[in-house]
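Please treat every number below as a calculation from the coordinates, not as lab data. None of these values were measured; they are calculated from a predicted model. Because the Cβ atoms are built from the backbone with ideal geometry, glycine has one as well, and the counts that use them run over all protein chains shown.
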């Protein structure tokens, strides 16, 4: 808040009537302070309330209230202790959100590392599978070769037995 009275400043929008009404007794409102606070909107010529409705003074009292702080997406205006509390709450929420975002980033980093490891292992498994398939193909080929050789040997043995029988028959 600016102390305009100390600078001998007069507001440009002073109303014609009731410009210096004395502070009234009543609830602890800014217009009833020992040094009343002038309504920010009245001072700027835009207050939509009359003097009885507004909690601030509708006369220049030396101090002009700060404009209300707009809170939330609805733009609700608050001022004074409510504004300080709202700003404090907003800062706490912001801090909590920042902490949550930090934790989320950390979790994302962990997940990315795990995903990379899964890709590495998947690549290793594919390589092992390729090797196993290649080895299996070699084993099948060797088995086929073995069967061919065994079949050939069986036929040779049969032929040999036949020739040996023929030889024995001739020898008798």
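Side notes on the structure shown:
- If R0 is 22 Å, the Cβ-Cβ spacing of residue 29 and residue 71 corresponds to a FRET efficiency of close to 0.60.
- Extension gain for residue 97-residue 78 works out to 4.6 nm (0.36 nm per residue, less the C-alpha to C-alpha distance).
- Prolate is the label for the range 99-172, because a/c, from the alpha-carbon gyration tensor with a ≥ b ≥ c as root eigenvalues, is 1.5 or above and a/b exceeds b/c.
- Ordering 60, 41 from the fewest to the most neighbouring beta carbons within 10 Å gives 41, 60.
- Inter-label distance for residue 116 and residue 150, nm, one decimal - labels placed 7 Å from Cα along Cα-to-Cβ: 5.2 nm
- Spacing of the two label points (7 Å from each Cα toward its C-beta) at residue 105 and residue 55, in nm: 3.9 nm
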